[in-house]
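> Following this message is one structure expressed as structure tokens.
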Amino acid sequence: LKHAIKFFTVTISAGLYYEMLNAQLSVFLNAHSLAIMESPELVKDCHALRMALHKTWNRLDDLFNEVRCSLAFYGGATGV
């Protein structure tokens, strides 16, 4: 389990396969959440994973916001 959590953390931090990894992470956590909660070391690793997810989501949200602003600007510039 430790290696799987580390895999998710490293891959998400690298910005790779965000949607696919989130889907796989959901299945992984549903299957192994009880075992993870019983191990303080795995819980600590999950906190690092959570931080990586949060950081990556903030980066994606910033990019989405840039796109929304560009669309609003160009949409207003054409008089639409």
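> Could you list, in sequence order, all residues of segment 26-80 that are at pLDDT below 90, of a type outside the set (Gly, Ala, Ser) and outside any helix (DSSP H, G or I)?
Residues satisfying the conditions are 78, 80.
> Among the listed residues 26, 13, 39, identify the single one that is open to solvent by less than 50 Å² (accessible area, probe 1.4 Å) and either touching a residue at least 24 places away in the same chain (Cβ under 8 Å) or of a type in the set (Gly, Ala, Ser) (or both).
Details: 26 fails: open to solvent by less than 50 Å² (accessible area, probe 1.4 Å); 13 fails: open to solvent by less than 50 Å² (accessible area, probe 1.4 Å).
Among 26, 13, 39, only 39 is open to solvent by less than 50 Å² (accessible area, probe 1.4 Å) and either touching a residue at least 24 places away in the same chain (Cβ under 8 Å) or of a type in the set (Gly, Ala, Ser) (or both).
> Same structure, new question: Of the residues that sit in segment 42-65 and are within 14 Å of residue 9 (Cβ to Cβ), over 13 Å from the mean Cα position of the chain (by Cα) and not aliphatic (A, V, I, L, M), which one is surrounded by the most Cβ atoms within 10 Å (Cβ to Cβ)?
Here the residue is 45.
The values are calculated or read from the model by the stated rules, or taken from the named source; none is laboratory data. Everything numeric in this text was worked out from a predicted model, so none of it was measured. So basically every Cβ, Gly included, is an ideal-geometry build from the backbone, and we count neighbours across all protein chains shown. These area figures cover heavy atoms from the full protein model, side chains too; ligands, DNA and RNA do not enter into them. Shrake-Rupley method; radii C 1.70, N 1.55, O 1.52, S 1.80 Å.
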